[in-house]
1. Kindly evaluate residue B:114 against the criterion of being in the same structural domain as residue B:235 (by the TED database) and open to solvent by 40 Å² or more (accessible area, probe 1.4 Å).
2. Given the criteria assigned to a loop (DSSP other than H, G, I, E, B) and at pLDDT below 50, does residue B:93 qualify?
3. Which of (1) open to solvent by 10 Å² or more (accessible area, probe 1.4 Å); (2) within 29 Å of residue B:193 (Cβ to Cβ) is the odd one out, the single condition residue B:68 does not satisfy?
4. Determine whether residue B:194 is within 30 Å of residue B:294 (Cβ to Cβ) and either open to solvent by less than 60 Å² (accessible area, probe 1.4 Å) or out of contact with any Ser or Thr (no Cβ under 6 Å at 6 or more places or on another chain) (or both).
5. Of everything in region A:1-28, what is within 14 Å of chain B (Cβ to nearest Cβ) and open to solvent by less than 70 Å² (accessible area, probe 1.4 Å)? Give them in sequence order.
6. Exactly one condition in (1) modelled with pLDDT under 95; (2) within 22 Å of the chain's Cα centre (by Cα) is false for residue B:87; which is it?
7. Give all pairs with beta carbons closer than 8 Å in which a residue from region B:407-421 that is more than 14 Å from residue B:381 (Cβ to Cβ) meets a residue that is part of a helix (DSSP H, G or I); count only pairs at least 6 apart in sequence or on separate chains.
8. Within 20 Å of residue B:84 (Cβ to Cβ), out of contact with any Cys (no Cβ under 9 Å at 6 or more places or on another chain) and modelled with pLDDT of 95 or more: does that describe residue B:171?
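The values are calculated or read from the model by the stated rules, or taken from the named source; none is laboratory data. What you see is a predicted model, and the numbers here were worked out from it, not measured in a lab. As a convention, Cβ positions derive from the backbone with ideal geometry for all residues, glycine included, and neighbour counts pool all protein chains shown. In case anyone asks, the SASA skips ligands and DNA or RNA and just uses the protein heavy atoms, side chains included. Shrake-Rupley method; radii C 1.70, N 1.55, O 1.52, S 1.80 Å.
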Amino acid sequence: MAASSRAQVISLYRTMLRESSKFSSYNYRTYAVRRVRDAFRANSNIEDPRTLERLMEEGRNTLAVIQRQVTHTHTHTHYLNFKFFLCASLCVCGGGGGQGGGMCAF
Amino acid sequence: RWKQSLVKMLSSGRSVCSRLLSPLTRLSLRSGYDGRAASTMQKGRADPRVLDAMLPYQVNYYGNPHSRTHAYGWESEKAMETARKQVADLIGADPREIIFTSGATESNNMAIKGVARFYKGKKSHVITTQTEHKCVLDSCRVLEAEGFNITYLPVQKNGVLDLELLEASIRPDTSLVSVMTVNNEIGIKQPIKEIGQICRSKGVFLHTDAAQAVGKIPISVSDWKIDLMSISAHKIYGPKGVGALYVRRRPRVRLEPLQNGGGQERGLRSGTVPTPLAVGLGAACSIAQQEMEYDHQRVSMLADRLVQKLMSEIPEVIMNGDPEQRYHGCINLSFAYVEGESLLMALKDVALSSGSACTSASLEPSYVLRAIGADEDLAHSSIRFGIGRFTTEEEVDYTAEKCIGQVRRLREMSPLWEMFQEGIDLKSIKWTQH
């Protein structure tokens, strides 16, 4: 394997692991990390540049899936709850104190 | 005074945030393993890759796939046909043989009632087994009420159907044989290939409920000579509310539709196909095909780990169903002298089920376990473990540990266990009735 493509593979591998570890769901997170690791291990002996390019393309597509899914699962669970929770509770407080209005924009 | 303290609190916004945050962080931890929200039964959890495929059709491409007059409709139709091909590829079928339905229950109803009713002029006999899913058995009951003859074949002690018995039960007026590929409660694999050969040679259609098998074990409808097959999306990490029925074209299988109307799905299932769900089913099938080998190795490894741990630590554990001829992701164990429901209650933070999800509400022992000849008391003490793509080692270990502890605790309280320890044969005791 050429040195440049080797660096590319390692970089993709690292990015995929990093992004996978961002899943908020425990089961999705552990699966993604495990699956990425196993896939790279299983293909570690491949030398043929064409196969390598195909696998890299697949990897990049999977990375995009992981990034999209991490973002929206986050948006739909914790982040949203967090925003609602903060907003709702601060609005109640603000009503009494007369100063909380600005916090709702958070 | 409280106004003042409130003003003070609000002015130091950061501390309010951190105070509000602390319960939130604790909450979010619950989705992690530490929160003991471990769930081993991964039923119904969709794969993120499936969601990723579906999302555009929920948001951007909202056309009716049956509308031919506008581009929105074309997009949806194309997506639906791609999904149909993905389903067909997984089972070695032609895309034209796939009918989208709302799930395996509808597919089973459609196949059994549909075939029986279509051929009722000449044939009026249907064969099934006692360990089928409720929706197959109930469809057969309905047919019985309509005047059909149904044979409910018993299975052997290991849960597998006796092929000679099946062959002997086929009559000249038999139209359909329905046997499930993998049992949902005990994980037994039926010899569908052999059953297919028998049915083909006798000129009888074979329907199989493969909801638990598709995507988990390799299936080929042409090699196995299957004429109709039910598929469910959420059993293969797809969305709930969608499934498919495979209907063979050559030799042609004809059935009377259950649902009439606009003539969608070759007139067999009228009603608009929900594009996002169909796309989800297709994606789930394609991922299952690609991941089958990997998933199989992992699920078998985890299943072995669980069974080994439990069996080495607790005596008198019985595995229900054949130990070899099975799908490993579904394990049904009986813990003698422990009541299954009590054990379930004690393990309630681990999602398991004694019997199938549909029947776990009742305290009756499972009819499947009764059919394989399990003693009444063992049928009462059974627990089903499901292992899937997203199950982790930690979850398996946690479940096993917890289970071992609870079985020991419950047995210590059980007078039956004490009697067993003293060597009293419980079957010899005559209980007085009140």
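1. Numbers: in the same structural domain as residue B:235 (by the TED database): yes; open to solvent by 40 Å² or more (accessible area, probe 1.4 Å): no.
So residue B:114 fails the test.
2. Numbers: assigned to a loop (DSSP other than H, G, I, E, B): yes; at pLDDT below 50: no.
It is false that residue B:93 is assigned to a loop (DSSP other than H, G, I, E, B) and at pLDDT below 50.
3. (2)
4. Values: within 30 Å of residue B:294 (Cβ to Cβ): yes; either open to solvent by less than 60 Å² (accessible area, probe 1.4 Å) or out of contact with any Ser or Thr (no Cβ under 6 Å at 6 or more places or on another chain) (or both): yes.
Criteria met by residue B:194.
5. Quick first cut of region A:1-28, residues within 14 Å of chain B (Cβ to nearest Cβ) only: A:16, A:19-28.
Within region A:1-28, A:16, A:19, A:20, A:21, A:23, A:24, A:25, A:26, A:27, A:28 meet the criteria.
6. That leaves (1) as the condition not met.
7. What qualifies is B:409/B:346; B:419/B:426.
8. no
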